[in-house]
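Student: My questions all concern the structure below.
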Amino acid sequence: MKITVSCPTPNRCTLLILVLFSFAASPLHASLSINFYASSCPTAELIVSNMVRSASSSDPTIPGKLLRLLFHDCFVEGCDASVLLQGNGTERSDPANTSLGGFSVIDSAKRVLEIFCPETVSCADIVALAARDAVVTAGGPAFEIPTGRRDGRISDAANVRSNIVDTSFTMIEMIRLFNSKGLSLDDLVTLSGAHTIGVAHCNAFSDRFQMDSKGNLTLIDTSLDNTYAKELMKKCPSGSSESKTVNNDPETSFAFDNQYYINLLGHKGLFQSDSVLVEDERTSARVEAFANDQETFFQSWRDSFLKLTTIGVKTDDEGEIRQSCSFAN
């Protein structure tokens, strides 16, 4: 395979070559390429980036929503924008996906792209690019990702629950799910770092508490820091509204950084699935490495994000280019 690299700057060239090397090393990516839209829609990535930046400036929760949207798309049916399809019985209608957000950003980008480059840029690529740019907007690393995904035509709610991580998962359950997606133990620790931004509903971690005879919550999960647990119980008292949320990261809530791993070492992981990462000897050393060095985390994030965004991609005749992200053609 011949790869031609155009280098606007030496640093950008080095990063691009590293991405291309990782990309070319996997047979799953044969039909995807860096700058896939260079000829057909040269402003595609800029349009998506501008939409993400604009939306995030008025709503700092947008980056977290876009990142979560990518996970829920790629883990079910692959990265094919199936989570965007509306209708009875679709992935989007499943209760596990009713709290997803960021759809308006994807739809806005698609509308603009259809004006400048009709029937050219897939919704699946928009979701992947928007998540990548969301991380950058929140202060995370910038890097190239391959594009050329096609949009899926199938979206079935029955496929959701068995393919996404539940916040109460044990390490064994998470490893099994990640391995089924072609992701390693290192990818599991790295991609869990997405919880450095975003918010969670109170019922997502309610299993760490129990209600006493007076209707008050008490801590039953001894792996959780007592002071942090009291803060959570104060923010999410018994009988809280289902719409009530708390920040995933209590320290730097809207910054994509390594604070999540520092929190884990302090026993301040919001979910049970977070806390097990520091408790399990198979992953605790990696948690410490990321907590001690943000650049190490960022380097690993680039590699794992690339793998995430190429799970089960549809290319060529396997999918379509939707005219609207909410409905198949």
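The values are calculated or read from the model by the stated rules, or taken from the named source; none is laboratory data. Just so it is clear, the model here is predicted, and its values are computed rather than measured. In this analysis, Cβ positions are derived from the backbone assuming ideal geometry, glycine residues included, and neighbour counts consider all displayed protein chains. Ligands, DNA and RNA are stripped out before the accessible areas are found, and what is left, the full protein with its side chains, is counted by its heavy atoms. Shrake-Rupley method; radii C 1.70, N 1.55, O 1.52, S 1.80 Å.
Student: Given the criteria without any contact (Cβ under 8 Å) to a residue 24 or more places away in the chain, of a type in the set (K, R), closer than 16 Å to G269 by Cα and open to solvent by 80 Å² or more (accessible area, probe 1.4 Å), does K235 qualify?
Tutor: No, not satisfied.
Student: Considering only the range 242-265, state which residues are touching a residue at least 24 places away in the same chain (Cβ under 8 Å), open to solvent by 30 Å² or more (accessible area, probe 1.4 Å) and not aromatic (F, W, Y). Before the answer, list the steps.
Tutor: First, the residues of the range 242-265 that are touching a residue at least 24 places away in the same chain (Cβ under 8 Å): 242-249, 252-262, 264-265.
Subset that is open to solvent by 30 Å² or more (accessible area, probe 1.4 Å): 242-245, 247, 252, 254-255, 259, 262, 265.
Matches in the range 242-265: E242, S243, K244, T245, N247, T252, A255, Q259, I262, L265.
Student: Continuing with the same structure: Only one of (1) under 18 Å from the mean Cα position of the chain (by Cα); (2) part of a strand (DSSP E or B); (3) not hydrophobic (A, V, I, L, M, F, W, C) is not met by S162, so which one is it?
Tutor: Against the list (1) under 18 Å from the mean Cα position of the chain (by Cα); (2) part of a strand (DSSP E or B); (3) not hydrophobic (A, V, I, L, M, F, W, C), S162 comes up short only on (2).
Student: Related question: Would you confirm whether or not the range 185-201 contains a residue that is in a loop (DSSP other than H, G, I, E, B) and acidic (D, E)? Full working, then the answer.
Tutor: Let us first name the residues in the range 185-201 that are in a loop (DSSP other than H, G, I, E, B), namely 197-198.
Next, only the ones that are acidic (D, E) stay: none.
No: zero hits.
Student: Select from the range 160-175 the residues that are open to solvent by 10 Å² or more (accessible area, probe 1.4 Å) and β-branched (V, I, T) and write down the one among them that is farthest from G64 (Cα to Cα).
Tutor: That would be I172.
Student: Filter the range 176-198 down to residues that are open to solvent by less than 50 Å² (accessible area, probe 1.4 Å), of a type in the set (S, T, N, Q) and over 16 Å from F297 (Cβ atoms), then give me how many there are.
Tutor: 0
Student: Of these, D125, D107, D133, D94, which one is touching a strand residue (DSSP E or B) at 6+ places or on another chain (Cβ under 7 Å) and of a type in the set (D, E)?
Tutor: D125
Student: Anything in the range 274-287 that is within 16 Å of A194 (Cα to Cα) and open to solvent by 40 Å² or more (accessible area, probe 1.4 Å)? List them, or say none.
Tutor: Hit for the range 274-287 is R286, nothing else.
Student: L270 - would you say it is closer than 14 Å to F209 by Cα and either within 19 Å of the chain's Cα centre (by Cα) or among the β-branched types (V, I, T) (or both)? Let's see the steps before the verdict.
Tutor: Details: closer than 14 Å to F209 by Cα: yes; either within 19 Å of the chain's Cα centre (by Cα) or among the β-branched types (V, I, T) (or both): yes.
Taking the combined requirement at face value, the residue satisfies it.
Student: So Y228 fits all but one of (1) assigned to a loop (DSSP other than H, G, I, E, B); (2) over 22 Å from T309 (Cβ atoms); what number is the exception?
Tutor: (1)
Student: For the range 291-327, how many residues meet the condition of being over 18 Å from the mean Cα position of the chain (by Cα) and surrounded by 20 or more Cβ atoms within 10 Å (Cβ to Cβ)?
Tutor: Step one: filter the range 291-327 for residues over 18 Å from the mean Cα position of the chain (by Cα), giving 291-296, 314-327.
From what's left, surrounded by 20 or more Cβ atoms within 10 Å (Cβ to Cβ): 291, 314, 319, 322, 325.
Selection size over the range 291-327: 5.
Student: Here's another thing I want to ask about it. In this structure, is T218 β-branched (V, I, T) and open to solvent by less than 70 Å² (accessible area, probe 1.4 Å)? First the steps, then the outcome.
Tutor: On the way: β-branched (V, I, T): yes; open to solvent by less than 70 Å² (accessible area, probe 1.4 Å): yes.
For T218, the condition - β-branched (V, I, T) and open to solvent by less than 70 Å² (accessible area, probe 1.4 Å) - is met.
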